[in-house]
1. Pull up the stretch 364-373, narrow it to residues that are over 22 Å from residue 168 (Cβ atoms) and under 36 Å from the mean Cα position of the chain (by Cα), then point me to the one that is surrounded by the most Cβ atoms within 10 Å (Cβ to Cβ).
2. Which residue, of 284, 289, is surrounded by 18 or more Cβ atoms within 10 Å (Cβ to Cβ) and on the phi < 0 side of the Ramachandran plot?
3. Pull out all pairs, ordered by first then second residue, where Cβ-Cβ is under 9 Å, the residues are six or more apart or on different chains, the first lies in the stretch 206-217 and is assigned by TED's automatic domain parsing to the domain that holds residue 158 and at positive phi, and the second is in a loop (DSSP other than H, G, I, E, B) and surrounded by fewer than 24 Cβ atoms within 10 Å (Cβ to Cβ).
4. Filter the stretch 221-242 down to residues that are in contact with a helix residue (DSSP H, G or I) (Cβ under 7 Å, 6 or more places away or on another chain) and part of a helix (DSSP H, G or I), then give me how many there are.
5. Kindly indicate which of 348, 361 is surrounded by 12 or more Cβ atoms within 10 Å (Cβ to Cβ) and either in contact (Cβ under 8 Å) with a residue 60 or more places away in the chain or within 20 Å of residue 165 (Cα to Cα) (or both).
6. Within the stretch 192-219, count every residue that is within 17 Å of residue 126 (Cα to Cα), touching a helix residue (DSSP H, G or I) at 6+ places or on another chain (Cβ under 9 Å) and assigned to a loop (DSSP other than H, G, I, E, B).
7. Residue 340 - would you say it is assigned to a helix (DSSP H, G or I) and outside the structural domain of residue 199 (by TED's automatic domain parsing)?
């Protein structure tokens with residue numbers, strides 16, 4: 001009994017001493033790093049481990065190198081290192097891990113975190129690796145919620161959300177606005193461009209107009225690579241926090257992804273990102289966010305945006321041509337021709353085109369109001 005009390009007192013004083021030294025009080029997150037497999041050598045990974053360990057984090061280095069300040073778990077190769085990492089996660093010996101590759105299940109994808117060049121502002125990229133859904137639009141809708149979870153766990157109580165102007169952006173916008181109207185609050189960002197809106201341009205990536213940039217994971221992966229290595233020629237990722245944690249409904253294993261090209265500064269930041277998520281109780285945050293989203297019809301909205309089987313093309317007669325000077329934006333590029341035919345069916349002449357901010361439908365000034373009403377009714381614009 002006495003020994004147990006003494007141990008508690010000793011641990012308490014140790015935590016206080018470490019807190020005074022690092023500025024970080026409370027239980028120290030235990031984060032593992034698999035150090036083998038980097039294109040920059042194991043020394044690069046160890047340098048990252050040592051840097052992060054100075055910030056009140058217990059770092060477990062899984063590899064062949066040893067250094068004072070971190071705990072080395074010796075392994076012979078990368079494969080053995082991964083097995084050891086998974087074993088330590090499963091046993092609860094560590095709170096999370098940073099690694100260069102991991103087979104996430106479908107439904108789980110990673111939320112990256114970058115530092116943007118225009119103003120040095122941080123931004124979450126939702127998402128960067130893994131697959132939230134095999135359906136593109138459903139995946140982007142889920143990515144938005146995953147991004148909110150990561151941002152809130154890192155201390156941003158009301159993050160702004162922007163949707164990158166890629167295929168599916170308008171459908172994603174419509175679905176997320178429906179979710180927000182149903183009661184799951186989303187604070188939509190405004191583009192830095194003059195025409196505003198929550199659909200983001202390339203300029204908004206550089207400026208970090210939103211706290212969370214929603215996109216598909218392949219595009220997100222490229223964004224992280226470009227932003228983290230723009231000043232190094234591409235082979236050394238020097239800034240940012242890597243590709244982030246795997247997040248998905250019911251998923252409770254904290255695994256952070258970095259690249260084989262990630263330099264020590266990025267890997268160290270990935271360890272710090274992991275520690276922030278541990279301190280922020282990321283999986284409790286996820287549980288609450290999914291609960292709130294479901295209450296607002298998250299599952300039904302996700303189901304409604306899934307691509308439907310393609311029906312046989314209907315033969316629609318083109319109305320007589322007329323001068324088209326009015327533009328209707330907001331139609332997905334894949335839906336352009338169907339939207340044009342929907343207007344032809346009610347005898348409105350329309351043409352498809354591409355404006356500077358994306359796809360447009362062109363109609364006459366006289367038919368603009370009627371055309372907008374029909375496209376809204378058919379679900380082509382919000």
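1. Once the filter is applied, the top-ranked residue is 371.
2. 289
3. Listed by first residue and then by second, the contacts come to 208/116; 208/118; 208/119; 208/120; 208/121.
4. Count: 2.
5. Details: 348 fails: either in contact (Cβ under 8 Å) with a residue 60 or more places away in the chain or within 20 Å of residue 165 (Cα to Cα) (or both).
One residue alone meets the criteria, 361.
6. Residues flagged as within 17 Å of residue 126 (Cα to Cα), touching a helix residue (DSSP H, G or I) at 6+ places or on another chain (Cβ under 9 Å) and assigned to a loop (DSSP other than H, G, I, E, B) within the stretch 192-219 amount to 6.
7. When the stated conditions are applied, residue 340 passes them.
Table: residues versus (1) over 24 Å from residue 295 (Cβ atoms); (2) crowded, with 19+ Cβ neighbours inside 10 Å; (3) within 9 Å of the chain's Cα centre (by Cα).
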position	(1), (2), (3)
135	no, no, no
139	no, yes, no
151	no, yes, no
156	no, no, no
161	no, yes, no
167	yes, no, no
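The values are calculated or read from the model by the stated rules, or taken from the named source; none is laboratory data. Small disclaimer: the values here were computed from a predicted structure and weren't measured. Virtual Cβ from ideal backbone geometry, glycine too; neighbours counted across all protein chains shown.
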